[in-house]
Amino acid sequence: MDCREFEAKLWAFLDGELDAAACAELRAHLEDCPGCLDHYRFEDALRLFVRRCCQETVPDALRARLDHLLARLEE
Ligand SMILES: [Zn+2]
């Protein structure tokens, strides 16, 4: 697996949509490739953050911060 292939499958991997063989390939690539490991960690953290912010129990302050962040991304 090369880095382009890894990136193409990263979101499916994070969403748990890949089969065991594909997951094993991605994990093997992560062990060999610090750049993709950084990318993976970033996407994983971002995903957890967004998911937490989408729950109804999110404090208003956190939701406001996320709105602000998204507004900046859309500029
Ligand atoms: Zn890579």
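The values are calculated or read from the model by the stated rules, or taken from the named source; none is laboratory data. Only a predicted model underlies this, so the values are computations on that prediction, with no experimental measurement involved. Just so you know, the surface numbers come from the protein's heavy atoms only, side chains and all, with ligands and any DNA or RNA stripped out. Shrake-Rupley method; radii C 1.70, N 1.55, O 1.52, S 1.80 Å.
Quick notes on this one:
- Per residue, the solvent-accessible area of the chain (1.4 Å probe, heavy atoms of protein chains only, all protein chains present) comes to 76 Å².
- Degrees, to the nearest 10: 3-14 long Cα axis against longest axis of the chain: 60
- Nearest 10 degrees, 0 to 90: helix 20-32 Cα axis against the chain principal axis: 90
- Surface composition of the chain: carbon and sulfur make up 53 percent of the accessible area, probe 1.4 Å.
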